[in-house]
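Asker: Here you go, one structure.
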Amino acid sequence: MLVVRPAKPADLPGLERLAGTATPRLTNLPAHRDRLEERITRSQRSLAREIDFPGDESYTFVLEDLERGEIAGTATIRAHAGAHEAYYTYRQETLIHASQQLNVRREVQTLSLSHEVSDASLLCALSLDPRYKGTSAESLLRRSRLMFIAQYPERFAELLAIAFPGYLDADGESPFWNSVGRHFFARGYQEMNHLAGVRSKSFIAEVMPQFPLYLPLLTPAARAAIGREHPAHETALAEMLAEGFARSRHVDIFDAGPVIKAERERLATFRHSTWHPVRIRPATALPDAEPALIANQKLEGFRCVVARYALSPTGQLMLSPEHAAELGVEEGRAVLAAPLGLPDADDAFDEGEL
Amino acid sequence: MLVVRPAKPADLPGLERLAGTATPRLTNLPAHRDRLEERITRSQRSLAREIDFPGDESYTFVLEDLERGEIAGTATIRAHAGAHEAYYTYRQETLIHASQQLNVRREVQTLSLSHEVSDASLLCALSLDPRYKGTSAESLLRRSRLMFIAQYPERFAELLAIAFPGYLDADGESPFWNSVGRHFFARGYQEMNHLAGVRSKSFIAEVMPQFPLYLPLLTPAARAAIGREHPAHETALAEMLAEGFARSRHVDIFDAGPVIKAERERLATFRHSTWHPVRIRPATALPDAEPALIANQKLEGFRCVVARYALSPTGQLMLSPEHAAELGVEEGRAVLAAPLGLPDADDAFDEGEL
Amino acid sequence: MRIRPIARGDLDGLQRLARETGVGFTSLPDNRDFLAGKIESAARAFEERVPAEERLYFFVLEDDERGELAGCCAIEAQVGREVPFYHYRVGTLAHSSVQLDLHRTIDTLFLSSDHTGDAEVASLYLRPEYRRHRNGALLSKARWLFMAQFRSGFPDKVLAEMRGKFDANGISPFWQCLGSHFFPMDFNEADRLTGLGQKSFIGELMPKFPIYTPFLTEEARACIGAVHDDTRPALEMLKKEGLRWEGYIDIFDGGPTVEAYIDDVRAVRHSRLCPVEVAGSEPESTERPAWLVATTEMADFRAAWVGRGPGADGTLTLSDTEARRLGVTTGDSLRVLET
Amino acid sequence: MRIRPIARGDLDGLQRLARETGVGFTSLPDNRDFLAGKIESAARAFEERVPAEERLYFFVLEDDERGELAGCCAIEAQVGREVPFYHYRVGTLAHSSVQLDLHRTIDTLFLSSDHTGDAEVASLYLRPEYRRHRNGALLSKARWLFMAQFRSGFPDKVLAEMRGKFDANGISPFWQCLGSHFFPMDFNEADRLTGLGQKSFIGELMPKFPIYTPFLTEEARACIGAVHDDTRPALEMLKKEGLRWEGYIDIFDGGPTVEAYIDDVRAVRHSRLCPVEVAGSEPESTERPAWLVATTEMADFRAAWVGRGPGADGTLTLSDTEARRLGVTTGDSLRVLET
């Protein structure tokens, strides 16, 4: 059985391994023991605290394979991206240069440094053991965070955002970084990425150009990378768009990866999740049904699994004793369930964005 | 009976009167005969043209009181706000200034010149004879434009925007203009407003400061005016928010009036409008029913009235012979109807805006 | 050879010069009406019929033996009064982080109208057959004597715009990299419109945010403050007078604008008034005359090389030819500069 | 009285000066460790044990009769090498519209690190009881002789930052209007941190977009480029040397930074080397000495006023006292400046 639960100190070696194998290496998941240890501590402190509105909390989860006794994945939510320091992005803008004298109108694209994503809660630092790619474990790890947010709305912002790793070429180089950041930071992408993870992304952001960049002055390769996700994250991006996220005008300041965002009540997991009382039945006796994400109603003891969405005629959710035990629920206790399936992805800009 | 229909040359005196009585005077409805005549011509040309996607068309409507034989109101739609030259707004942004050295984090508000509203279709230049204030004529004039857009979606952008007149003090002065524009333009608000109407708003925009403005440097009165509508437009703003528009981060560059916006499919008039075949019955024989906006399916002959939403059991809309005649429909022809009533207003920022 | 104000009768001669200058000398288009307007406006300037700050002083170099125009030059009393006067200014921005132990400065181009109100020396052209006997220096330096003489009619600073660098195909790499993205025309057309004073398209279309130079191509960066090979001698002459490049460049081709406080210009500092004595004898002719003189009245302004400097008593002795050329007689004063 | 490099034995004396200077003289905080560090770094500079561009030359004015320190001054060879060096630069932006017949220019403050790599003269302090007999001028001008003598160790330009204008309550209207919105501290604290070289908060918190001056209060605008009353004499002295305000101001108080090309500085241009002859007789004592001299070796650098200038043969005759004060004997050379 696979279960998502909050990270604890014993997960450190697992996290370290996942940080090291992430493709590409993630700025927000550095393979650095001290940083990861801090992250677990911070997550535990965040869960233990009473919270009325989002602040500098950060919640780190792991996906555990109970059969193998292994940590197979990790993911994090930052309650308020800009709690401490600005969360920098580039915002794509279009300027219209019109000349009365020449009777022409030209559109000029720019990238402006922005702090707006600072207000959002951020889903980040996801890494999954490659052996689990393409299985429901991927959705479980990714979307269990939404199940958590759905239960503790006061801990998170109305707006959720995800920054996807940006396009890197076959050599692991970022064409965008090479055309932009490198001039100001004088180091290669991988080195910067490592430093940003170990130190702070905003230190580097402060070195970046403060005035808007004119796209025509970037290299064609850099322009092509704007808003383009890393090939290894295409499926993940598609799933999150199907979930109800929309591409925003924002991209990562280092690799120009896309930032997607959603008001949380527009997300499928939120809209279709329902509370059900639990009825426990032997696994063999459970009727066939579509798979669903099932989460218990505990903060520090949060658990989320994938199980069949088997409802009794009276609306009770039928769980196997194993699932019930892992979720820590007995008969009659409520769990939150949301279908694993999602509508077709709608990969489009949010037209409503002004 | 009151009817909204496209403006024609004979409406010029009526338009001139409405432009002169608009409160406050509207930049986009100058009391200038030549400009108004141009506007009517342009509207007629726009209606006559075959259109596949929005361009520099502009559609001007009038509200006619058939009993009085008078023009009681006017309103316009610009198909593409930035078709010719940029449509400038100020976009409210928040910068986070954080100091590691001092361990502080400060939020600093700015206004950045933006061209983003250029992509929207713009509902503008609305003026209503004060005698009709507070009657259903107000909603008819305002929302008949949505009924028009609903029928000819290819002529308009997905995104609709409205810039509401901004706050002016008792002397008709704009505290925002006095703190911002005046420095660069060296003229009072009313004089500028007149010039902007007769010449072009974008000429003036080009004189305005190009770099973001720091809000702490504006006068308190100017800051208080940002995103605040003119008192005479409170009801109108409330109705459009109830319709489904949301406040955006954008404000007018001259008076800082709020710019509201919506994807059109989120608007109540679009969501609740339905086609019905017409059945004609004497006015006295019509059952009691909620009022509705009823529009015919004609481009140059567009008509929209307020009538009772009286449906036959088979879904036919029962109209009086007078309404049917005014709409130019006979029995069996389809009309578009939408309830006049709207849900409660939700006056909030669009949280999804990044 | 002598410098004098252009006169209303010079239209044919000026048009001949305009035809010769060709593309790239945008202030002198081959357009008779435009040139006639230019002469009229210059005439009114020298006649002091317009306020000092609005004057465009246009001079010609006249071959007083053959009675033809050999070149021209101009001084604009204050630029940027009627239409905006744009430059890019190369500024330095710190990009630093204590935490990352990083400290760099990045050259950045800022749109600027800092030179609004300064004087400009411009439009210097010398016909090829006259490019000898220091005629070029005469055209260039006569303007300093004029400014020294009528100092109160000029502001604190003076500038000169130098043509930028072009490649072997006559293309400006700076324009190619920057301007071409914003202006829907080729360089020559942009330059031509600007020369005609039709500049509003610049403000309408040019990028308004600063440009970080690392985003420019190497070739374009090499153009920042670099001059066209043909312009190098003119630049050297201005540098010797004390004009310096302070980081302002042309928005189209990246060529440098050099500038100085007028009171610091060598020729302005060192020129002085001397009484004149006309003696019959001709001075030794020299191919490299060292003494430049100019008259003291605006409308009758004349400047020329003379064969000798002032004597021990401070009096300048002129030959009859020289005196005639300058229109002075014994007892008049001349402004004198040793070069 | 003489100028000499600060020495390791001067710590007590320097601390006494630091105590006197008080608030507002941020480069000399009353902090013994800091001062000891400063002396050590200066000693290493004069001993040429650090690269020329990293040196901070710190001088003292010594009362060689009473054996006490009367004042100090410094030259930083190149500013902005370790930490960013910020100014606002007052630039002019055109705000024009042909269609509206409008043409204005707006003064705008641009954040700038343009002066990165320039030399700076700074930290001049003279104890009140010594404010006579041109001791102030000695402190100020000795630095020019030093720079003239060791010219190759300095860059093209030199600057000096002048304290800005404060109101009767000791408040800076410029800070009040601008900095106070961005920095969570009072002016003195901001100034103190900067003086200690802890400047990273500036880059972290200050506004990065240009500031349009019309948005500042009238009082704040009046501070742009205006100096504190106490600083006016120092500014006048620098202006006489040819330093000018080119639009750069302090980001906190708006005070002007004046600057010049080092080769243009009057004292640098006009000082020259003269052979020395020591004669027994004392020169006339004067309250307003006119001849400033300085020695030619860096580690033993000395500068002082002397009673007379070089004779017709170019030799400078010194009294025994003067020679002793400067540490020179007949046959040595001195750099001499008539003031």
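Asker: Can you tell me which residue is nearest to the chain's Cα centre (by Cα) among those in region C:172-223 that are acidic (Asp, Glu) and modelled with pLDDT under 95?
Answerer: Residues of region C:172-223 that are acidic (Asp, Glu), as a first pass: C:186, C:189, C:191, C:204, C:218-219.
From what's left, modelled with pLDDT under 95: C:186, C:189, C:191, C:204.
Working: C:Asp186: 25, C:Glu189: 22, C:Asp191: 17, C:Glu204: 27 Å.
Checked region C:172-223; the qualifying residue nearest to the chain's Cα centre (by Cα) is C:Asp191.
Asker: For C:Glu48, are the conditions met, namely being away from chain D (no Cβ under 14 Å), open to solvent by 20 Å² or more (accessible area, probe 1.4 Å), of a type in the set (Asp, Glu) and touching a strand residue (DSSP E or B) at 6+ places or on another chain (Cβ under 6 Å)? Full working, then the answer.
Answerer: Values: away from chain D (no Cβ under 14 Å): yes; open to solvent by 20 Å² or more (accessible area, probe 1.4 Å): yes; of a type in the set (Asp, Glu): yes; touching a strand residue (DSSP E or B) at 6+ places or on another chain (Cβ under 6 Å): no.
Taking the combined requirement at face value, the residue does not satisfy it.
Asker: So how many residues does region C:192-225 have that are under 12 Å from C:Ser172 (Cα atoms) and open to solvent by less than 20 Å² (accessible area, probe 1.4 Å)?
Answerer: Qualifying residue count for the region: 2.
Asker: If you don't mind, there's one more thing I want to ask. Does region B:158-176 contain any residue that is assigned to a helix (DSSP H, G or I) and more than 9 Å from chain D (Cβ to nearest Cβ)? Walk me through how you get there before you give the answer.
Answerer: Step one: list which residues in region B:158-176 are assigned to a helix (DSSP H, G or I), which gives B:175-176.
When the remaining residues are screened for being more than 9 Å from chain D (Cβ to nearest Cβ), the result is B:175-176.
Yes; the residues of region B:158-176 include at least one that is assigned to a helix (DSSP H, G or I) and more than 9 Å from chain D (Cβ to nearest Cβ).
Asker: Quick one: would you say A:Leu113 is at pLDDT below 95, of a type in the set (A, V, I, L, M, F, W, C), farther than 29 Å from A:Arg247 by Cα and out of contact with any Ser or Thr (no Cβ under 6 Å at 6 or more places or on another chain)?
Answerer: Working: at pLDDT below 95: yes; of a type in the set (A, V, I, L, M, F, W, C): yes; farther than 29 Å from A:Arg247 by Cα: no; out of contact with any Ser or Thr (no Cβ under 6 Å at 6 or more places or on another chain): yes.
No.
Asker: Further, regarding this structure: Can you tell me which residues in region C:120-155 are outside any helix (DSSP H, G or I), hydrophobic (A, V, I, L, M, F, W, C) and out of contact with any helix residue (DSSP H, G or I) (no Cβ under 7 Å at 6 or more places or on another chain)? Reasoning before the result, please.
Answerer: Start the filter on region C:120-155 by keeping residues that are outside any helix (DSSP H, G or I), which leaves C:120-127, C:131-134, C:150, C:154-155.
If we keep only those that are hydrophobic (A, V, I, L, M, F, W, C) too, we end up with C:121-122, C:124, C:126, C:150, C:154.
C:Ala122, C:Phe150, listed by residue number.
Asker: Does A:His194 satisfy the condition of being out of contact with any helix residue (DSSP H, G or I) (no Cβ under 8 Å at 6 or more places or on another chain), outside any loop (DSSP other than H, G, I, E, B) and open to solvent by 10 Å² or more (accessible area, probe 1.4 Å)? Before the answer, list the steps.
Answerer: Details: out of contact with any helix residue (DSSP H, G or I) (no Cβ under 8 Å at 6 or more places or on another chain): yes; outside any loop (DSSP other than H, G, I, E, B): yes; open to solvent by 10 Å² or more (accessible area, probe 1.4 Å): yes.
Here the answer is yes, as A:His194 does meet what is asked.
Asker: If a residue must be touching a Pro at 6+ places or on another chain (Cβ under 9 Å) and more than 10 Å from every other protein chain (Cβ to nearest Cβ), how many such residues does region D:161-178 contain? I'd like the intermediate steps shown before the answer.
Answerer: First, the residues of region D:161-178 that are touching a Pro at 6+ places or on another chain (Cβ under 9 Å): D:161-162, D:164-167, D:178.
Next, only the ones that are more than 10 Å from every other protein chain (Cβ to nearest Cβ) stay: D:161-162, D:164-167.
Adding up the residues that qualify gives 6.
Asker: What is the number of the single condition among (1) in contact with a helix residue (DSSP H, G or I) (Cβ under 8 Å, 6 or more places away or on another chain); (2) more than 14 Å from every other protein chain (Cβ to nearest Cβ); (3) in a loop (DSSP other than H, G, I, E, B) that C:Pro84 does not meet?
Answerer: (2)
Asker: Report the residue count in region D:276-296 for those that are modelled with pLDDT of 95 or more and out of contact with any strand residue (DSSP E or B) (no Cβ under 6 Å at 6 or more places or on another chain).
Answerer: Adding up the residues that qualify gives 1.
Asker: Have a look at D:Leu138, D:Leu159, D:Leu100, D:Leu145 and point out the one that is of a type outside the set (D, E, K, R) and modelled with pLDDT under 95.
Answerer: Values: D:Leu138 fails: modelled with pLDDT under 95; D:Leu159 fails: modelled with pLDDT under 95; D:Leu145 fails: modelled with pLDDT under 95.
Result: D:Leu100 is the single residue among D:Leu138, D:Leu159, D:Leu100, D:Leu145 that is of a type outside the set (D, E, K, R) and modelled with pLDDT under 95.
Asker: Kindly provide the set of residues from region C:108-131 that are within 14 Å of chain D (Cβ to nearest Cβ), within 16 Å of C:Leu56 (Cα to Cα) and of a type outside the set (Asp, Glu), ordered by number. Give the derivation first.
Answerer: In the first step, residues of region C:108-131 are kept if they are within 14 Å of chain D (Cβ to nearest Cβ); the result is C:108-118.
Then drop every residue that is not within 16 Å of C:Leu56 (Cα to Cα), which leaves C:116-118.
Correct list: C:Thr116, C:Gly117.
Asker: Let me ask something additional. So, restricting to strands (runs of 3 or more DSSP E) that lie completely within region B:207-286, which ones have at least 1 residues that are surrounded by fewer than 16 Cβ atoms within 10 Å (Cβ to Cβ) and free of Cβ contacts under 8 Å to residues at least 60 places away in the same chain?
Answerer: So the answer is B:274-280.
Asker: Tally time: how many residues in region C:94-107 are β-branched (Val, Ile, Thr), in contact with a helix residue (DSSP H, G or I) (Cβ under 8 Å, 6 or more places away or on another chain) and at the interface with chain D (Cβ under 7 Å from one of its Cβ atoms)? Let's see the steps before the verdict.
Answerer: Filtering region C:94-107 for residues β-branched (Val, Ile, Thr) gives C:98, C:105-106.
Adding the requirement that they be in contact with a helix residue (DSSP H, G or I) (Cβ under 8 Å, 6 or more places away or on another chain) leaves C:98, C:106.
Filter again for at the interface with chain D (Cβ under 7 Å from one of its Cβ atoms), leaving C:98.
Residues in region C:94-107 being β-branched (Val, Ile, Thr), in contact with a helix residue (DSSP H, G or I) (Cβ under 8 Å, 6 or more places away or on another chain) and at the interface with chain D (Cβ under 7 Å from one of its Cβ atoms): 1 in total.
Asker: Those residues that are under 30 Å from C:Phe85 (Cα atoms) and without any contact (Cβ under 8 Å) to a residue 60 or more places away in the chain, I need them from region D:80-92; list them, please. Even if it seems obvious, please write down each step before you answer.
Answerer: Residues of region D:80-92 under 30 Å from C:Phe85 (Cα atoms): D:85-92.
Answer for region D:80-92, where residues must be under 30 Å from C:Phe85 (Cα atoms) and without any contact (Cβ under 8 Å) to a residue 60 or more places away in the chain: D:Phe85, D:Thr92.
Asker: Would region A:320-328 turn up any residue that is modelled with pLDDT of 95 or more, assigned to a loop (DSSP other than H, G, I, E, B) and touching a helix residue (DSSP H, G or I) at 6+ places or on another chain (Cβ under 7 Å)?
Answerer: yes
Asker: Just checking, how many residues over region A:192-228 are closer than 18 Å to B:His97 by Cα and more than 10 Å from chain C (Cβ to nearest Cβ)?
Answerer: 1
Asker: Then there's this: Looking only at strands (runs of 3 or more DSSP E) that fall completely inside region B:47-136, which ones have 2 or more residues that are open to solvent by 10 Å² or more (accessible area, probe 1.4 Å) and among the charged types (D, E, K, R)?
Answerer: Numbers: elements: B:58-65, B:70-78, B:89-99, B:104-114, B:121-128.
Where strands (runs of 3 or more DSSP E) fall fully within region B:47-136 and carry at least 2 residues being open to solvent by 10 Å² or more (accessible area, probe 1.4 Å) and among the charged types (D, E, K, R), they are B:58-65, B:70-78, B:104-114.
Asker: Just checking, which of C:Leu61, C:Leu109 is assigned to a strand (DSSP E or B), open to solvent by less than 30 Å² (accessible area, probe 1.4 Å) and farther than 30 Å from C:Arg8 by Cα? Steps first, answer last, please.
Answerer: Working: C:Leu61 fails: farther than 30 Å from C:Arg8 by Cα.
Of the residues listed, the single one that is assigned to a strand (DSSP E or B), open to solvent by less than 30 Å² (accessible area, probe 1.4 Å) and farther than 30 Å from C:Arg8 by Cα is C:Leu109.
Asker: Would you mind finding the one in C:Arg131, C:Arg143 that is within 24 Å of the chain's Cα centre (by Cα) and without any contact (Cβ under 8 Å) to a residue 60 or more places away in the chain? Full working, then the answer.
Answerer: Values: C:Arg143 fails: without any contact (Cβ under 8 Å) to a residue 60 or more places away in the chain.
C:Arg131 is the lone residue from the list that is within 24 Å of the chain's Cα centre (by Cα) and without any contact (Cβ under 8 Å) to a residue 60 or more places away in the chain.
Asker: For region C:248-339, give me every one of the strands (runs of 3 or more DSSP E) that falls completely inside it and has 1 or more residues that are over 30 Å from D:Glu246 (Cα atoms) and of a type in the set (Ser, Thr, Tyr).
Answerer: On the way: elements: C:256-261, C:272-278, C:291-294, C:303-306, C:316-318, C:333-338.
Where strands (runs of 3 or more DSSP E) fall fully within region C:248-339 and carry at least 1 residues being over 30 Å from D:Glu246 (Cα atoms) and of a type in the set (Ser, Thr, Tyr), they are C:316-318, C:333-338.
Asker: Same structure again: Identify, by number, the condition in (1) open to solvent by 30 Å² or more (accessible area, probe 1.4 Å); (2) within 30 Å of C:Pro214 (Cα to Cα) that A:Pro175 doesn't meet.
Answerer: Single failed check for A:Pro175: (1).
Asker: Criterion first (in contact with a helix residue (DSSP H, G or I) (Cβ under 8 Å, 6 or more places away or on another chain) and of a type outside the set (Asp, Glu)) does D:Phe34 satisfy it? Walk me through how you get there before you give the answer.
Answerer: On the way: in contact with a helix residue (DSSP H, G or I) (Cβ under 8 Å, 6 or more places away or on another chain): no; of a type outside the set (Asp, Glu): yes.
In short, no.
Asker: Any idea which of (1) at pLDDT below 95; (2) under 30 Å from C:Arg44 (Cβ atoms) is the one C:Leu326 doesn't satisfy?
Answerer: Only one criterion is unmet by C:Leu326, namely (1).
Asker: Continuing with the same structure: State which residue is farthest from A:Phe53 (Cα to Cα) when the search covers only region A:140-172 and only residues that are surrounded by fewer than 19 Cβ atoms within 10 Å (Cβ to Cβ) and touching an Asp or Glu at 6+ places or on another chain (Cβ under 9 Å).
Answerer: A:Glu158
Asker: Can you go through D:Leu56, D:Leu35, D:Leu14, D:Leu102 and tell me which one is without any contact (Cβ under 8 Å) to a residue 60 or more places away in the chain, out of contact with any Phe, Trp or Tyr (no Cβ under 6 Å at 6 or more places or on another chain), closer than 16 Å to D:Tyr130 by Cβ and of a type in the set (A, V, I, L, M)? Lay out the reasoning, then the answer.
Answerer: Working: D:Leu56 fails: closer than 16 Å to D:Tyr130 by Cβ; D:Leu35 fails: closer than 16 Å to D:Tyr130 by Cβ; D:Leu102 fails: closer than 16 Å to D:Tyr130 by Cβ.
None of the other options fit; the residue is D:Leu14.
Asker: Any residue at all in region C:149-160 that's farther than 22 Å from C:Gly80 by Cα and either more than 14 Å from chain A (Cβ to nearest Cβ) or open to solvent by less than 20 Å² (accessible area, probe 1.4 Å) (or both)? Even if it seems obvious, please write down each step before you answer.
Answerer: First, pick out the residues of region C:149-160 that are farther than 22 Å from C:Gly80 by Cα: C:149.
Adding the requirement that they be either more than 14 Å from chain A (Cβ to nearest Cβ) or open to solvent by less than 20 Å² (accessible area, probe 1.4 Å) (or both) leaves C:149.
Checked against the condition, which is being farther than 22 Å from C:Gly80 by Cα and either more than 14 Å from chain A (Cβ to nearest Cβ) or open to solvent by less than 20 Å² (accessible area, probe 1.4 Å) (or both), region C:149-160 yields at least one hit.
Asker: Another question about this same structure. Could you run through region C:309-338 and say how many residues are within 27 Å of the chain's Cα centre (by Cα) and surrounded by fewer than 17 Cβ atoms within 10 Å (Cβ to Cβ)?
Answerer: Number satisfying all stated conditions: 4.
The values are calculated or read from the model by the stated rules, or taken from the named source; none is laboratory data. None of these values were measured; they are calculated from a predicted model. Positions of Cβ are generated from backbone atoms using ideal geometry, with glycine treated the same way; all protein chains shown enter the neighbour counts. Ligands, DNA and RNA are excluded from the accessible area calculation, which covers all protein heavy atoms including side chains. Shrake-Rupley method; radii C 1.70, N 1.55, O 1.52, S 1.80 Å.
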